[in-house]
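The values are calculated or read from the model by the stated rules, or taken from the named source; none is laboratory data. Source: prediction; values computed, not measured. No Cβ is skipped: glycine too gets one built from the backbone with ideal geometry, and neighbour counts run over all protein chains shown.
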Amino acid sequence: MAIFACQPKQGRVLDKAHIGALRHWHREAAPRVKEAGFDIIYVYAGHGMTLAQQFMLPHLNTRSDEYGGSLENRVRLTRELLEDTRDAVGDTCAVAFRFGIDEMLGPDGMQAAEDGRAVVELLADLPDIWDVNVSDWANESATTRFQPQDRYQNDHLSYVKQVTDKPVVGVGRLTSPDVMQSMLRKGIVDLIGAARPSIAAPFIPRKIQEGCIDEIRECIGCNICAASDGSGIPIRCTQNPTIGEEWRRGWHPERIARRGQATQTLAVGSGPAGLECAMQLARRGYEVTLAEGAMDFSGRVLRESRLPGLAAWRRVADYWLNDLRQRANVRMFAESTLDADQVSELGIEHVFLATGAAWRADGVGRNSRRSPPLIELGADIRCNQTLGRIAPTA
Ligand code: SF4
């Protein structure tokens, strides 16, 4: 049922037979979800991408039958899907309802204080769990560049608990245990939802429970995970280099093997790769020397975090530096450029070079297998004819 807005789409009005088929498929899917081992089944009306939500929105739903017009009519399909799901699984699974309570379009869309609230009142105790967020996806999963505040959804969902007796779960790039606790204490939600925070730190509930707050890799809201998800490639995360491999072949990223016979290691370069390398070596019990040529540690992270709107990216380096600086078996040296002879003279058995990579400058890539011709524009610059790039002459 999901409709992604990447390409232009053609649509048609659903007749009653189509709606009946949709309900039938939904009802048939529910027991399969249960059989697959899930305890909670969602009816989804969020992110601006499901029929249940689109039926609710008057700017999309122009029907004149019992599914269009009044809000009661526009909510009818959602009500039916909730009831169908309940009928299909009885009380063996919880039926959750995700609802995009505010489209963030002002009077041009659904607003939490008006139609949004009316929907919650209409369906109040029908779902077992309310999962409320803002819509569409770009608003709900906003990047820190455009939405630096982690509690940005609270104003829109804070009344839901007053309208329903069922538990309410909320999201919003919640990475801080203090913020989570505050939302629970204030009665804004009963449960914290954490999708991106769990990508950056898959074991976040256990770390909070055990008080290992410093070990939480904090999501920086860069949405690289979503970009890889949308590209059909394995998920990636700026904070967590082992995302998606938590249980691969019996290997576990936080079960650290002890070191071998060697004791001394050297990591050259303190960008993301060098810092992660140094941290993992230290955790294994090696004596670690980290050498950085620049004045400050962190490499490209430092440079990128100084760009407008990207201050949160600094947290990537903060996580490693905070860890490394507390370890007695790590020595860190800035302004310490090493050439091959100097590395060799140190006599350290295991050396890791993490000095970075550079983009190709010859124009060869996916769409251009040969270096495109260059034209001279003057004494100091030349222009790549094909790509229109301007580069200093060598
Ligand atoms: S890539 Fe990682 S750090 Fe970036 S938004 Fe996704 S989970 Fe957060």
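Among (1) outside any loop (DSSP other than H, G, I, E, B); (2) aromatic (Phe, Trp, Tyr); (3) surrounded by fewer than 16 Cβ atoms within 10 Å (Cβ to Cβ), there is one condition Phe146 misses while meeting the rest; what is its number?
In the conditions (1) outside any loop (DSSP other than H, G, I, E, B); (2) aromatic (Phe, Trp, Tyr); (3) surrounded by fewer than 16 Cβ atoms within 10 Å (Cβ to Cβ), Phe146 misses (1) alone.
Looking at Gln239, is it in the same structural domain as Thr337 (by TED's automatic domain parsing), surrounded by 14 or more Cβ atoms within 10 Å (Cβ to Cβ), in contact (Cβ under 8 Å) with a residue 24 or more places away in the chain and more than 16 Å from Ala334 (Cα to Cα)? Break it down into steps so the answer makes sense when it comes.
Details: in the same structural domain as Thr337 (by TED's automatic domain parsing): no; surrounded by 14 or more Cβ atoms within 10 Å (Cβ to Cβ): yes; in contact (Cβ under 8 Å) with a residue 24 or more places away in the chain: yes; more than 16 Å from Ala334 (Cα to Cα): yes.
No.
Pick out the one residue from Arg117, Arg98, Arg74 that is basic (Lys, Arg), more than 17 Å from Val168 (Cβ to Cβ) and buried (at least 17 other Cβ atoms within 10 Å of the Cβ).
Details: Arg117 fails: more than 17 Å from Val168 (Cβ to Cβ); Arg98 fails: more than 17 Å from Val168 (Cβ to Cβ).
Testing whether each residue is basic (Lys, Arg), more than 17 Å from Val168 (Cβ to Cβ) and buried (at least 17 other Cβ atoms within 10 Å of the Cβ) leaves just Arg74.
If you scan region 298-312, which residues turn out to be surrounded by fewer than 17 Cβ atoms within 10 Å (Cβ to Cβ) and closer than 16 Å to Ala354 by Cα?
Arg300
Could you tell me which of the residues Arg217, Arg196 is surrounded by 19 or more Cβ atoms within 10 Å (Cβ to Cβ) and touching a helix residue (DSSP H, G or I) at 6+ places or on another chain (Cβ under 6 Å)?
Arg217
With in contact with a Pro (Cβ under 9 Å, 6 or more places away or on another chain) and either near the ligand (Cβ under 10 Å from one of its atoms) or at pLDDT below 95 (or both) as the only criterion, which of Pro234, Pro253 stands out? Can you show your working first?
Working: Pro234 fails: in contact with a Pro (Cβ under 9 Å, 6 or more places away or on another chain).
Unique residue meeting the criteria: Pro253.
Somewhere in region 317-327, is a residue among the acidic types (Asp, Glu) and closer than 20 Å to Ala201 by Cα?
Yes, because at least one residue in region 317-327 is among the acidic types (Asp, Glu) and closer than 20 Å to Ala201 by Cα.
Got at least one residue in region 176-197 being under 30 Å from Gly347 (Cβ atoms), within 16 Å of the ligand (Cβ to nearest atom) and touching a residue at least 24 places away in the same chain (Cβ under 8 Å)? Don't jump to the end; show me each part of the working.
Taking region 176-197 as the starting set, the residues that turn out to be under 30 Å from Gly347 (Cβ atoms) are none.
No, because not a single residue in region 176-197 is under 30 Å from Gly347 (Cβ atoms), within 16 Å of the ligand (Cβ to nearest atom) and touching a residue at least 24 places away in the same chain (Cβ under 8 Å).
Restricted to region 199-214, and to residues that are within 16 Å of the ligand (Cβ to nearest atom) and either surrounded by 20 or more Cβ atoms within 10 Å (Cβ to Cβ) or small (Gly, Ala, Ser) (or both), which residue is farthest from the chain's Cα centre (by Cα)? Explain how you work it out, then say what you get.
The first filter runs over region 199-214 and keeps only residues within 16 Å of the ligand (Cβ to nearest atom), leaving 199-205, 207.
Narrowing further to those that are either surrounded by 20 or more Cβ atoms within 10 Å (Cβ to Cβ) or small (Gly, Ala, Ser) (or both): 199-202, 204.
Numbers: Ile199: 6, Ala200: 8, Ala201: 11, Pro202: 12, Ile204: 14 Å.
My answer is Ile204.
Within region 155-194, can you find the residues that are part of a helix (DSSP H, G or I), within 26 Å of Ala138 (Cβ to Cβ) and of a type in the set (A, V, I, L, M)?
Within region 155-194, Leu157, Val160, Val179, Met180, Met183 qualify.
Of all residues in region 98-153, which are over 22 Å from Cys219 (Cβ atoms) and either touching a His at 6+ places or on another chain (Cβ under 8 Å) or not assigned by TED's automatic domain parsing to the domain that holds Val169 (or both)? Lay out the reasoning, then the answer.
Taking region 98-153 and keeping what is over 22 Å from Cys219 (Cβ atoms), we get 99, 101-103, 105-130.
Scanning region 98-153 gives Ile101, Asp102, Asp108, Gly109, Ala112, Gly116.
Which numbered condition in (1) closer than 25 Å to Arg258 by Cα; (2) of a type outside the set (Asp, Glu); (3) surrounded by 14 or more Cβ atoms within 10 Å (Cβ to Cβ) is the only one that Arg325 fails?
(3)
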